[in-house]
1. Please find the FRET efficiency linking Asp172 to Asp273, where r is the Cβ-Cβ separation and R0 is fixed at 35 Å, and quote it to the nearest 0.05.
2. Give the long-range amide H neighbours of Asp85: residues separated by 5 or more places, or on another chain, with amide H under 5 Å away, using H modelled in the peptide plane at 1.01 Å from N.
3. Given Leu293, Pro270, Pro283, which one lies farthest toward the positive end of the charge dipole of the stretch 259-371, if we put +1 on the Cβ of every Lys and Arg and -1 on the Cβ of every Asp and Glu?
4. Please work out the C-alpha center-to-center distance from the stretch 194-213 to the stretch 370-385 and express it in whole Å.
5. Leaving ligands, DNA and RNA out of it, report the carbon-plus-sulfur percent of the accessible area of the chain at a 1.4 Å probe.
6. If contacts are Cα pairs under 8 angstrom and at least 6 residues apart, what is the relative contact order of the chain in percent?
7. Please compute the modelled spin-label separation between Asp34 and Ser184, points set 7 Å along Cα→Cβ, answer in nm with one decimal.
8. Would you work out the charge dipole size for the chain about its Cα centre, treating the Cβ of every Lys and Arg as +1 and the Cβ of every Asp and Glu as -1, and quote it to the nearest 20 debye?
Amino acid sequence: MVSLGNGDGTFGAAASISVGNPATALVAADFNQDGHVDLAVAAGSAAVVLLGNGNGTFQAPLTLPITSTANSIATGVFTGNGTADLAVLSTCISSTNCSFGMVSILLGNGNGTFQNPTVVNVGYQPPAISVNDLNGDGKADISTLNAGGNDVSILVGNGDGTFQPPANFGTDAIVGKYTTADFSSDGAFDIAVATGPGVSFLFNRVPGASAVLSTDTLAFGSQVVNLPLAAPPVTLSNLGRSALAISSIKVTGPQNGDFSETDTCGTSLPAGDDCLINISFTPLGAGTRSATLAITDSATSSPQTIALSGTGLAGTLNFQVATGSSNSETVAAGKNVVYLLSIGGGGVAGSATLACTGAPAGATCSVPATTNVSASQPSIVTVNVTTTSRTTTALAHGSGVSWMWAMGIVELCILPGSAGSQRARRSAAALLRSWPLLLLVFLASCGGGSSSNSSSTTGPQTNPNGTPAGTYTLTVTATVGSIQQTVPLTLSVE
């Protein structure tokens, strides 16, 4: 059926042309080189050619038989004579054998007639065919979509009307048609296939080397000064047919020192291979930081670049209570307590001066005078707090009463005799006779003859220097240069 256009978006009445069988596909070309558009139709087990008269009418159909039912058709120049040829696609190779499909090649003679078909087998149940120069050698190639095998067959043309054996490339589950175009802007035809999950792309390899990056921008966001931040690897792919010679991969730009790279690329990347580029951001200062990763190689697109950016944040001592520890402790007066703090890993490095203040009366808070701070790794700082008991135990010595008794006895025994009178001497003799009784009384007063140097416990006594009960705030300070950070600790004394 042909409807002639009116040139204004409208069309005239349709005219029907019988081709003998239901038409499944058709293409337009100038098959007889008369400057008029002709048609070739896939219809039944044949390709039917309709030569145009140049006025919207066509000559009688020319039927070109093939060995199996045609379901698609394409045209291209398969030889070097410049005439249009035909490629007719069949789902089966015969009416009884559908194990794979086939392409019937009909070479044009330049006058609207064609040579007998030659056959090339392709994949399973192919519904569609296309003709392009897929390898960039100036010769027409054929691709077929194979729905039964979920792949695409590529027939590379030799330029003389013959083709190399098919190479098949897998896709996701095929549910529709496919198309060819240069999706990667590298000058080569690629293939897009309608599949169950969406669209599957087969990117072509161009002649020579072709370098393609998985991204051209890396934004790291904010990061503390002197601390590294790694990005997911960037993939460098060589989609060409020749090895990619790599001259250099380096970071350039205003803050190139803030960004570093390592890679697996080496000096040569084989055709079809990938390598990984790992880029990290370690800001050397605060504020916006930017640079560019440049790859110099043998591809025509060299150099390939990646824009790098990030923001540096001022570093801290990262001074805080250690993970799993507490900033509040309760202790009885006279007991000690330990707090665990951590410092480092905040982007600042150096020797920190430490101090602890706020300890109550009768208590001490001690920390190391200095500690080394790492920019990337925290370390432990131990805070020791000692307190003093508010009570003490007192000891009382003997009263000395036993010595007083002894002195009295001596005076009674000796002094009277010193008077020299006879009566006095008799009195002294009487006292001497009574000294055992006096001695017994003396021993009783000494508690059974204990030593006069003995002492006894008199019970708890108040210690005026003890740590008072209460809740106190201790402040531990760390200083590195002009950077200072404090950690408050709560001490409860019972």
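1. Details: r = 23 Å, r/R0 = 0.66.
It comes to 0.90.
2. Gly76, Val77, Phe78, Gly108
3. Pro283
4. Value for the Cα centre distance between the two parts: 54 Å.
5. Working: 13600 of 24710 Å².
Carbon with sulfur: 55 percent of the solvent-accessible area.
6. Values: 1268 pairs, mean separation 38.4, N = 494.
Reported relative contact order: 8 percent.
7. Result: 4.5 nm between the two label points.
8. On the way: 12 positive and 24 negative charges, 921 e Å.
Once rounded to the nearest 20, the dipole reads 4420 debye.
The values are calculated or read from the model by the stated rules, or taken from the named source; none is laboratory data. Note that the structure is predicted; figures quoted are calculated from it, not measured. Quick reminder, even Gly has a Cβ in these numbers, built from the backbone with ideal geometry, and neighbours come from all protein chains shown. For the accessible areas, the whole protein counts, side chains as well, though only heavy atoms, and no ligand, DNA or RNA atoms are used. Shrake-Rupley method; radii C 1.70, N 1.55, O 1.52, S 1.80 Å.
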